[in-house]
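Student: Pasting a structure below so you can have a look.
The values are calculated or read from the model by the stated rules, or taken from the named source; none is laboratory data. This structure is a prediction, so every number in the text was calculated from the model and none was measured. Note that we place each Cβ from the backbone using ideal geometry, even for glycine, and neighbour counts take in every protein chain shown. Surface areas here come from the heavy atoms of the whole protein model, side chains and all, with no ligands, DNA or RNA. Shrake-Rupley method; radii C 1.70, N 1.55, O 1.52, S 1.80 Å.
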Amino acid sequence: MGGNAITKHGEEDTIARQFANTRKSLDGVVELARDGYGLVITHGNGPQVGNALLRIELSRGKAPILPLGVLVADTEGGMGYMIEQSLQNRLRNENIDRSVVTIITQMLVDKDDPSINQPTKFIGQFYSEEEAREFSESRGWEMRKDTNRGWRRVVPSPSPIAAVESNVIKNMVDNNIIVIAGGGGGIPVYIDDKGNYEGFDAVIDKDLGSAVIACDIKADVLAILTDVEYVAINYGTQEQKNLEIITVSEISKFMDDGHFPSGSMKPKIQAAIKFIRNGGRMVVITSLDNARMGVRGEAGTRIVADK
């Protein structure tokens, strides 16, 4: 589930509103729980981390500055709580006997990942060019222009390798517990020279993080639930074509031909390719409303292995 399912564009972002949106987003999950599927729910956190960064800026000089990894952990806990409680209430009200738990998830990356020295992921609010120059000098931030709206901070987005808590997640799913994990892609960590986990300022793409968890626990299906019913080529043109059932090689070629924008659909396609090539049976990309039908192979774009 994307973070925009909980914080919707154009709405006042109150906690009450976030809870209301969370409850609305769970219909498909409840149906799958009733059908008896083993479930891991992952979610984005882009809007929520943006708000957390804004709170830090507003309280600068009055409260401690929190590193980005801690903010990801905070949103994993806060959003996990919203999803967990909302789902628990729905399951109880519909007499579905399933337990739900949230796991704060660390995502292992390579400390020598080349993207660490080439930050590309925009985070936080917009600034003027003068402010961007000042923050680059005083705070050591990497700043870049984001379209015509202003300048923003950019941070690394290294490739996830494995979820540190994957064994715990799998054990819980095997015991019929619904798990919420990998929020915001998970907290990026690396292994230091002493063999210890250490966090750093970066973000993990939520779709790639979800694919890693799915691979780690040997999931059968990866469902990427977004705001469109299908993946399309030639999107937004008269030649637009929705994709229904497609092989991993076919969709890889469409990606290489530039059909999927980097900031939206491309990471989802990359996640799908990774999952299928690591033994997954099917990836479905569809809307939240179509979650159950998508997992059953009856709706959305379904990506499968080559024949």
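Student: Could you work out how far the C-alpha centroid of the stretch 27-76 sits from that of the stretch 181-246, in angstrom?
Tutor: About 15 Å separates the Cα centre of the stretch 27-76 from the one of the stretch 181-246.
Student: Now, a different point. Report, by chain and number, residues whose modeled amide H sits under 5 Å from the one on Lys121, excluding near sequence neighbours (fewer than 5 apart, same chain).
Tutor: Val155, Ser157
Student: Around Ser166, with a cut-off of 13 angstrom between Cβ atoms, what is the net charge of the other residues, counting Lys and Arg +1 and Asp and Glu -1?
Tutor: The answer is -1.
Student: Through the Karplus equation 6.51 cos²θ - 1.76 cosθ + 1.60, θ set to phi - 60°, convert the phi angles of the stretch 295-301 into ³J(HN,Hα) values in whole Hz; use x for Gly and Pro.
Tutor: Per-residue couplings from phi come out as 4, 7, x, 10, 7, x, 8 Hz.
Student: Between Gln18, Gln85, Gln118, which gets the highest mean-square fluctuation from a Gaussian network model of the chain, Cα cutoff 10 Å?
Tutor: Gln118
Student: With a ≥ b ≥ c the root eigenvalues of the C-alpha gyration tensor of the stretch 1-86, is it rounded (a/c under 1.5), prolate (a/b larger than b/c) or oblate?
Tutor: Numbers: a/c = 3.05, a/b = 1.97, b/c = 1.55.
Because a/c hits 1.5 or more and a/b exceeds b/c, the stretch 1-86 counts as prolate.
Student: For the stretch 40-109, what is the accessible area per residue in Å² when the probe is 1.4 Å?
Tutor: Values: 3250 Å² over 70 residues.
Heavy-atom SASA per residue in the stretch 40-109 reads 46 Å².
Student: Once you treat every alpha carbon in the stretch 32-173 as an equal point and sum by Debye, what is log10 I(q)/I(0) at q = 0.09, 0.12, 0.14 Å⁻¹?
Tutor: -0.40, -0.66, -0.83
Student: Restricting things to Cα coordinates, could you compute the convex hull volume per residue of the stretch 201-274 in Å³?
Tutor: On the way: hull volume 8.4 nm³, N = 74.
Convex hull volume per residue, Cα atoms: 113 Å³.
Student: On the protein heavy atoms, probe 1.4 angstrom, tell me the percent of accessible surface of the chain carried by carbon and sulfur. Kindly include the intermediate steps, with their values, before the conclusion.
Tutor: On the way: 7270 of 15740 Å².
Ligands and nucleic acids excluded, carbon and sulfur give 46 percent.
Student: With springs connecting C-alpha atoms under 10 Å apart, model the chain as a Gaussian network and identify which of Ile15, Ile177, Ile161 has the largest mean-square fluctuation.
Tutor: Largest GNM mean-square fluctuation: Ile15.
Student: When the dipole is taken about the Cα centre of the chain, and only Lys, Arg (+1) and Asp, Glu (-1) are charged at their Cβ, what size is it in debye, to the nearest 20?
Tutor: Values: 35 positive and 42 negative charges, 76 e Å.
Approximately 360 debye in magnitude.
Student: Taking the dipole about the Cα centre of the chain, with the C-beta of Lys and Arg at +1 and of Asp and Glu at -1, give me whichever of Ser138, Ser115, Asn171 is farthest to the positive side.
Tutor: Asn171
Student: Let me ask something else. Please work out the ratio of the alpha-carbon Rg of the chain to 2.2 N^0.38 Å and round it to two decimals.
Tutor: Working: Rg = 19.4 Å, N = 307, 2.2 N^0.38 = 19.4 Å.
Cα-based Rg divided by the globular estimate yields 1.00.
Student: Check cross-link reach from Lys121 to the lysines: straight Cα distance under 21 Å, and skip same-chain residues fewer than eight apart.
Tutor: Within reach: Lys8, Lys111, Lys145, Lys206, Lys266, Lys268, Lys274.
Student: Taking the Cα centre as origin and putting +1 on Lys and Arg beta-carbons and -1 on Asp and Glu beta-carbons, what dipole magnitude results for the stretch 258-303, to the nearest 20 debye? Let's see the in-between values first.
Tutor: On the way: 8 positive and 2 negative charges, 40 e Å.
Its charge dipole is roughly 200 debye.
Student: Which of the trypsin sites (Lys or Arg not before Pro) found in the stretch 142-224 are loop residues per DSSP with 13 or fewer other Cβ atoms within 10 Å of their Cβ? Intermediate values should be presented prior to the final figure.
Tutor: Working: sites: Arg144, Lys145, Arg149, Arg152, Arg153, Lys170, Lys194, Lys206, Lys218; in loops: Arg149, Lys194, Lys218.
Sparse-neighbourhood loop trypsin sites (Lys or Arg not before Pro): Arg149, Lys194, Lys218.
Student: Given a 1.4 Å probe and the protein chains all in place, what does the accessible area of Ser210 round to, in Å² to the nearest 10?
Tutor: Accessible surface of Ser210 is approximately 20 Å².
Student: Moving to a separate point now. Taking the Cβ of Glu84 as the centre, find all other residues whose Cβ is under 14 Å away and add up their charges (Lys, Arg: +1; Asp, Glu: -1). Walk me through the numbers on the way to the answer.
Tutor: Details: positive: Arg23, Arg90, Arg92, Arg98; negative: Glu76.
Within the 14 Å Cβ shell, the charges total +3.
Student: Could I ask something else about it? Under the rule a/c < 1.5 gives rounded, and otherwise a/b versus b/c splits prolate from oblate, where does the stretch 152-266 land using the Cα gyration tensor?
Tutor: Working: a/c = 2.51, a/b = 1.52, b/c = 1.65.
Cα axes put the stretch 152-266 in the oblate bin.
Student: For the chain, with a Gaussian network of springs between Cα atoms less than 10 Å apart, report the residue from Thr102, Thr226, Thr147 with the top mean-square fluctuation.
Tutor: Maximum among the listed residues: Thr147.
Student: Give a residue-ordered list of calculated ³J(HN,Hα) values for the stretch 256-266 (Karplus: 6.51 cos²θ - 1.76 cosθ + 1.60, θ = phi - 60°; whole Hz; x for Gly, Pro).
Tutor: 5, 7, x, 6, 10, x, 4, x, 9, 7, 4
Student: Check which residues have an amide H placed less than 5 Å from Thr247's amide H, if you skip close sequence neighbours.
Tutor: Placed amide hydrogens put Val304 under 5 Å from Thr247.
Student: Sticking with this one: With +1 on each Lys and Arg Cβ and -1 on each Asp and Glu Cβ, and nothing else charged, work out how big the dipole of the stretch 180-258 is about its Cα centre, in Debye to the nearest 20.
Tutor: 140 debye
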